[in-house]
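Student: The structure is given below, and queries will be raised subsequently.
What follows is calculated from the coordinates using simple rules that are stated; it is not laboratory data. Everything numeric in this text was worked out from a predicted model, so none of it was measured. Glycine also receives a Cβ, built like all others from the backbone with ideal geometry; neighbour counts cover every protein chain displayed.
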Amino acid sequence: MEALDLDSAGYPGTYKLIGGRVSLNFINTVSWPLTDRRHDWLSSVTNVHRWATAVDLDAHGIRPGEIDSIQATRATITDLLSPLAHGQQPAKPAIEEFNDMLSSSNARRSLDSTTLAWIWRDQTPQQTLLDPIIVDAADLASRRDRSRLRHCPACDWTFYDETRNGRRRWCDMADCGSRAKSRRYYERTKA
Ligand SMILES: [Zn+2]
């Protein structure tokens with residue numbers, strides 16, 4: 001999969017839209033979470049705009065002063081979805097914090113009287129960007145069967161497995177998949 005053209009600020013890695021769902025692609029904008037290689041791809045307005053365009057969201061009007069709050073929303077969504085992608089239950093306070101955001105998003109949502117599509121009203125630019133992500137996260141979390149909501153065992157990025165056999169293992173075969181494969185090859189041949 002092609003890497004998305006984000007400014008890496010000297011970081012030696014790449015970002016790819018491997019999540020399969022917008023809320024997972026959003027939490028994956030932190031590479032190598034909880035390690036000293038951690039890198040935040042949404043630390044500039046330019047990157048927020050490029051990311052939003054790539055996932056078909058509108059980041060029009062987002063200002064530099066809003067980056068912190070976008071990252072805080074991402075942390076709340078991560079605390080909900082990342083445990084689920086590891087087969088664990090999110091912490092109660094994390095669910096409550098997420099629910100506060102969700103009620104606020106839901107209050108802005110209704111059905112269009114002609115097309116019956118979801119429409120949003122009275123959104124700030126930041127809400128325009130984040131509301132659809134919050135609703136997507138709620139949809140994923142509320143599924144009875146979460147067996148396809150998983151994480152890459154190498155880098156911890158999360159994805160929704162939409163392969164027919166449900167056996168997807170890696171974020172991307174070209175990255176973690178092939179690294180694991182060459183490691184196995186090395187281990188087999190070094191003896
Ligand atoms: Zn990976």
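Student: Ranked highest first by average number of other Cβ atoms within 10 Å, how do 43-49, 21-27, 99-105, 159-165 line up?
Tutor: Packing order, densest peptide first, comes out as 21-27, 43-49, 99-105, 159-165.
Student: Hand me the GluC sites (Glu not before Pro) from segment 28-109 located in a DSSP loop with no more than 16 other Cβ atoms within 10 Å, in residue order please.
Tutor: Here no GluC sites (Glu not before Pro) fit, given the DSSP loop and packing criteria.
Student: Return the ratio Rg/(2.2 N^0.38 Å) for the chain, where Rg is computed over Cα atoms only.
Tutor: Cα Rg divided by the expected 2.2 N^0.38 Å: 1.10.
Student: Tell me which cysteines of the chain come out unpaired when the rule is another cysteine's Cβ under 4.7 Å.
Tutor: So, C155, C176.
Student: Can you give me the relative contact order of the chain as a percent, contacts being Cα pairs under 8 Å and 6 or more apart?
Tutor: 23 percent
Student: Rounded to two decimals, what is the ratio between the C-alpha radius of gyration of segment 67-129 and 2.2 N^0.38 Å?
Tutor: 1.33
Student: Once you keep just the Cα pairs under 8 angstrom separated by 6 or more residues, what percentage relative contact order results for segment 97-191?
Tutor: So the answer I get is 15 percent.
Student: Now, a different point. Would you give the gap between the C-alpha center of segment 133-167 and the C-alpha center of segment 5-52, rounded to a whole Å?
Tutor: Centre-to-centre (Cα) distance: 18 Å.
Student: Give me the compactness ratio for segment 83-191, meaning the Cα radius of gyration over 2.2 N^0.38 Å.
Tutor: For segment 83-191, the normalised Cα radius of gyration is 1.47.
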